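The values are calculated or read from the model by the stated rules, or taken from the named source; none is laboratory data. Keep in mind it's a predicted model, so treat the numbers as computed, not measured. With ideal geometry, Cβ positions are generated from the backbone for all residues, glycine too; neighbour counts draw on all protein chains shown. Just so you know, the surface numbers come from the protein's heavy atoms only, side chains and all, with ligands and any DNA or RNA stripped out. Shrake-Rupley method; radii C 1.70, N 1.55, O 1.52, S 1.80 Å.
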Amino acid sequence: MRLRAAHVRVRVPATSANLGPGFDALGVALGLHDEIDVRALGTPEVRVEVTGEGAGEVPDGEDHLVVRALRAALDHVGAPQTGLHLVCRNRVPHGRGLGSSAAAVVAGILAARGLVADPAALDDDVALALATRLEGHPDNAAPALLGGLTVAWSDDAPAGDLPPVRAARLAVHPDVAPVAIVPPGHLSTHAARGVLPAQVPHADAAWQAGRAALLVEALGRRPDLLLAATGDRLHQGYRRAVMPASLALVDALRARGVAAVVSGAGPTVLALARRAGERDGTEGTDADAAVADAFGGVMAGWRVLPLPVDATGGTVTTLLD
C-alpha cells in the first residue's frame, strides 16, 4: 500500500479507565488533548520535538511511543516505512493514570491512517486491536479512539495476529462533570498492577459485577446513583500501599457524597461530579466544596482540572504544506 499524504495532524484525548468497578473494561474520554503534527520525510531520519508534558523526558527518535505505534500500523497494512518529523504538543500528564501512553499509541495509529492510501485498512476495529496489542489492554485505548464512555471486551474468536478485542461507545448524561485531581508525583502502571492479587473472593467479584452494571446506568441516565455505582472491591483497596494520599482523598470525597475513584492505575483521583445548577439553581458541581474541604485549603502541588467528557475521540486531519 502506498502513502497518500505527507503531513497530518492528530488530536487525541486524555482518558480515565476503570471508573471504580469497571476494571480493565470501562473508560471515558476527557477534554484534555495531545496534538501532534506528523510529516513523512524523503530521508530516513526521525525527529521528534516535544513541548508540554514529557518534554525533555521522553525519547526523541525511533523509541518514541507515537513513532513505534505509527510504524506498527504501517507494517500491519503493508505500507512503506518513511522518515518522520513529529511535533508533539502534549497536555495529558504522564504517569498519572490519565491515559498518556494510550493517547500516544492511538495518535500513532491515527497518523498512519491519515498517511496511507486506504484509510479503511486502519478502521476503528483494526485500530483498537493494534492499540491493545501495544498497550496490553483496551480500557484507555477505546475511549481515546472512540470518545465518550466505552465498554471494551475480548471475543473468543481468534483475530489473526491481533487481539480479539471490541468496544461499544455509550453517551454520558450531560449532568456528569468529571474533575481530575492530579497529584505532583508519578506512579507507573507496572507498580500499580504489581500489588494486585492473582485471585479475589467470589463474593467480591459478584459485588463488583453489580456495581459495574449500575455504573453504566448511572453515567448514562441516573447520575444520582453515581456514588453507589462507583464502589470497588477489586483493585483500589489493594493499591492503597502505593498511593496512600490518593486513596485518602478518595475516602474523604466519598465521605462527603462525591463519587470519587482512582483514575486508571492512579495516582490521579477522578471525581464524577454532578452539576449543581439543575438541582439547586447554583452554578458548579457537588465536588467543588468537597474538594476544597478535603484539602483544607492547602493543595500541596495537586491540580484540580474540571474536564468535560470528550464525545469525539481521536481525530486525524490532512494538512497542506
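Listed values, structure above:
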quantity: Mean separation of Cα contacts under 8 Å (6+ apart) over length of the chain, as relative contact order %; calculated: 25 percent
quantity: Accessible-area ranking of HIS186, HIS202, HIS7, largest first, probe 1.4 Å; calculated: HIS202, HIS186, HIS7
quantity: Along the chain, longest interval not containing exposed GluC sites (Glu not before Pro), exposed being DSSP loop plus at most 11 other Cβ atoms within 10 Å; calculated: 63-282
quantity: Candidates LEU84, LEU26, LEU146: whichever shows maximal mean-square fluctuation once the chain is modelled as a Gaussian network with Cα springs under 10 Å; calculated: LEU84
quantity: Cα shape, segment 123-217, gyration tensor, a/c 1.5 rule; calculated: rounded
quantity: Rounded to whole Hz, the Karplus (6.51, -1.76, 1.60) HN-Hα couplings of segment 261-268, x for glycine and proline; calculated: 9, 6, 7, x, 8, x, x, 4
quantity: Estimated vicinal HN-Hα couplings, Hz - segment 41-56 in sequence order (Karplus 6.51, -1.76, 1.60; Gly, Pro = x); calculated: 9, x, 10, x, 5, 10, 10, 10, 10, 10, 10, x, 4, x, 4, x
quantity: Choice from VAL172, VAL309, VAL242 with maximal GNM fluctuation in the chain (Cα, 10 Å cutoff); calculated: VAL242
quantity: Whole-number accessible area per residue in Å² for segment 53-149, which is evaluated in the context of all protein chains at 1.4 Å; calculated: 30 Å²
quantity: Separation in nanometres of the label points that stand 7 Å from Cα toward Cβ, at ARG166 and ARG4; calculated: 2.8 nm
quantity: Net lengthening on full extension, ASP124/ALA255 (0.36 nm per residue, minus Cα-Cα); calculated: 43.2 nm
quantity: Near-label residues of segment 113-129 by backbone N, under 16 Å of a point 7 Å along Cα→Cβ of THR317; calculated: 114-115
quantity: In order through segment 213-228: 3J(HN,Hα) via Karplus (6.51 cos²θ - 1.76 cosθ + 1.60), integer Hz, x for Gly, Pro; calculated: 5, 5, 5, 4, 5, 5, 6, x, 9, 10, x, 5, 9, 4, 4, 5
quantity: Helix-only mean residue ellipticity at 222 nm for the chain, each DSSP H run of n ≥ 4 adding -39500 (n - 2.57), per residue, nearest 500; calculated: -9000 deg cm²/dmol
quantity: Gaussian network model of the chain, Cα within-10 Å springs - most flexible of GLY54, GLY108, GLY27; calculated: GLY54
